[in-house]
Amino acid sequence: MELTKKLNMFYASAIEVANKQSSNDLKEFTLSMDKMMEEYKKNKMDEMESRYRVEEEKLKREENRQISQAVTELKRSLNLRQQEKKKALFTEVQEKLAHFRESEDYEAYLIAKIKMARKFARQEKLIVYLDPADAGKKERLEQETGCVLTVSETDFGGGIRAEVRSKNVLIDESFQTRLRQEWDAYAF
């Protein structure tokens, strides 16, 4: 029986050592698995944060693109509206100029501009052009200014143009030129 006792003792001792070893292995494995789980969680969190940042940047870019597109559309709309207003304003100015050209003040204006051109030319030969629509005013203007006037072949919307060939100078006091200059310079 001693052999059975010895075997039982050996068995109990082997089981105890195996249980301790198994318990230690289980603890090591559990620690290892916990560590791996923490690393896995950390990697997944880093990955999720990275995806979140990428998506956040993507959404910001898309939002900025949409804002930029909306601003561009608003600017285009504003520009179109400004051009409409500018056209309406200059149409009104042209109508007022047409009324002005029918008044006595217009003749006084022409006389002043012709005298200004004569003063500039001094003793040099001066050619003063009238708009074809003002041909009926030619004789009276010549009498008032003492200057020979020429009716232009091209319409320039009123006013005068004068040429001092010896000085190679063109004096452009036409309404068409003034309107074009104002059109180019006008801004809201």
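Read-outs: derived from the displayed coordinates by stated rules, not from any lab. Predicted, not measured: the structure shown is a model, and the values here were computed from it. Note that we place each Cβ from the backbone using ideal geometry, even for glycine, and neighbour counts take in every protein chain shown.
Using modelled backbone amide H atoms (1.01 Å from N, in-plane), which distant-in-sequence or interchain residues come within less than 5 Å of Ser174's amide H? Residues meeting the criterion, in which the H sits 1.01 Å from N, are Ile160.
Exposure proxy shown here: for Ser22, Ser174, the number of other Cβ atoms within 10 Å sets the order, fewest to most, as Ser22, Ser174.
Taking a straight Cα-Cα cut-off under 20 Å and skipping sequence neighbours fewer than 8 places away in the same chain, the lysines within cross-link reach of Lys44 are Lys35.
Holding the Cα-Cα limit at 20 Å, pick out from Lys115/Lys138; Lys87/Lys113; Lys113/Lys167; Lys138/Lys167 the pairs that are longer than that. Display every interim value, and only then the final one.
Details: Lys115/Lys138 14 Å; Lys87/Lys113 28 Å; Lys113/Lys167 18 Å; Lys138/Lys167 25 Å.
Among Lys115/Lys138; Lys87/Lys113; Lys113/Lys167; Lys138/Lys167, the Cα-Cα distance tops 20 Å for Lys87/Lys113; Lys138/Lys167.
When only Cα pairs below 8 angstrom with a gap of at least 6 residues are kept, the chain shows a relative contact order of 14 percent. Rounded if a/c is under 1.5, else prolate if a/b is larger than b/c, else oblate: which is the chain, with a ≥ b ≥ c the root eigenvalues of its Cα gyration tensor? Prolate shape, in that a/c is at least 1.5 and a/b is the bigger ratio. Taking 29 Å as the straight-line reach from the Cα of Lys41, the lysines in range (excluding those fewer than 8 positions away in the same chain) are Lys27, Lys58, Lys60.
Neighbours of Leu141, meaning other residues whose beta-carbon lies under 9 angstrom from its beta-carbon, give a summed charge of -2 when Lys and Arg score +1 and Asp and Glu score -1.
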